[in-house]
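Coordinate-derived values only; no laboratory data. Everything numeric in this text was worked out from a predicted model, so none of it was measured. Counting neighbours? That spans all protein chains shown, and the Cβs are built from the backbone with ideal geometry, glycine included.
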Amino acid sequence: MAWFRKEHEPLPAHEQESRVPEGLYVKCNGCKETIYRKEVVSNQAVCPRCAFHFRISARERLSLLCDALWEEFDQNLASSDPLHFQDTKLYADRLVDGKAKTDCYDALVSAVGTMGGLSTVMAVMEYGFIGGSMGVVVGEKVTRAIERAAKERLPLLVVSCSGGARMMEGTLSLMQMAKISAALARLDSAKLPFISLMTDPTTGGVTASFAMLGDLNLAEPGALIGFAGPRVIEQTIRQKLPEGFQRAEFLLEHGMLDMVVDRRNLKATLVKSFKFLLD
């Protein structure tokens, strides 16, 4: 087992890989301290020194939020590569790689579980699968999760962690924005609560659709949230962006979020919020 993971080429902070790396010790992207890996993992993948939130997988997220086991559904839905897309690599090969890396057929895990004794439908995005991008399958799975919540009269939690709409599926991926938004409108008419949790990163078409449509919009500390990325905006407007632009705390200060919640307090906050919304 390696003691450290070597990074060959340093990246800007918002582009750095922020999953808890393998090895006995990890270097925090926030405080740059070297920390015993087990100490980070036991702290819900939050740095015990500076509270930097490492990325976690969809199933790790469900394990933290649910009281015990959860029931996963629609897990076998998979993309058919409708456009037979190829850039530097065949899209079909990217799908195979994503499955091997995450044990998911696409970038979302949908499940029913209990949080604090409260049955909840959860749709949790998996960043490890092609950057959590939203294609036809993600759109269908989120829509089915919404429809299940409506049918069973359960609250809905969607956890976003995504680079946005999946370019390999073109307009078909963009259609999911309207599809999911329409399903959420029906859920709202049924008077059932929807909480949107945005994690690092939540960008592009995901931000421009369901991620910002919650009855409550929450985010983890330091999460990058926006439509276009900071570098694209700077190059377009030819101006330097404010400090912390598009980070969760900046959005909270400017009225775009309802709360920024530390992962270690997240489950309790979600349970309390759902119970309030259901009353």
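Quick check: from the Cα gyration tensor, does the stretch 41-188 come out rounded (a/c under 1.5), prolate or oblate?
Numbers: a/c = 1.96, a/b = 1.20, b/c = 1.63.
Here the stretch 41-188 falls in the oblate category.
Which residues in the stretch 189-203 have a backbone N closer than 18 Å to a point placed 7 Å from the Cα of residue 277 along the Cα-to-Cβ line?
Correct set: 189-199.
What length, rounded to one decimal in nm, is gained on full extension from residue 64 through to residue 152, with 0.36 nm per residue of separation minus their alpha-carbon distance? Kindly include the intermediate steps, with their values, before the conclusion.
Numbers: separation 88, 0.36 × 88 = 31.68 nm, distance 2.33 nm.
Gain on extension, residue 64 to residue 152, equals 29.3 nm.
Choose one answer from 47, 31, 66: the residue with the largest mean-square fluctuation in a GNM of the chain with alpha-carbon springs under 10 Å.
31
Could you tell me which of rounded, prolate or oblate describes the stretch 57-278, using a ≥ b ≥ c as the square roots of the eigenvalues of the alpha-carbon gyration tensor, with rounded for a/c under 1.5 and, failing that, prolate when a/b is larger than b/c and oblate otherwise? Spell out each step's value before the answer.
Details: a/c = 1.61, a/b = 1.10, b/c = 1.46.
Note, shape of the stretch 57-278 comes out oblate.
Measuring from label point to label point, each 7 Å out along Cα→Cβ, what is the residue 186 to residue 22 span in nm?
It is 4.4 nm.
Which distance in Å, rounded to a whole number, links the C-alpha centroids of the stretch 69-108 and the stretch 214-267?
28 Å
What order do you get for 194-200, 78-84 when each peptide is scored by the mean count of other beta carbon atoms within 10 Å, highest first? Walk me through the intermediate numbers first.
On the way: 194-200: 25.6, 78-84: 14.4.
Output ranking for 194-200, 78-84: 194-200, 78-84.
Once you have the Cα-Cα distance between residue 118 and residue 75, take 0.36 nm times their residue separation minus that, and quote the gain in nm to one decimal. Display every interim value, and only then the final one.
Numbers: separation 43, 0.36 × 43 = 15.48 nm, distance 2.26 nm.
Length gained, residue 118 through residue 75: 13.2 nm.
Going through the DSSP H helices of the chain, which span 30 Å or more along their own axis at the Cα atoms while scoring at least 0.5 as a mean Kyte-Doolittle hydropathy? Walk me through the numbers before you get to the answer.
Values: long enough: 170-189 (31 Å, 0.59).
Both cut-offs are met by 170-189.
In terms of Cα to Cα distance under 30 Å, which lysines are near enough to residue 101, apart from those fewer than 8 places away along the same chain?
Cα-Cα hits under 30 Å: 6, 27, 32, 38, 89, 141, 179, 267.
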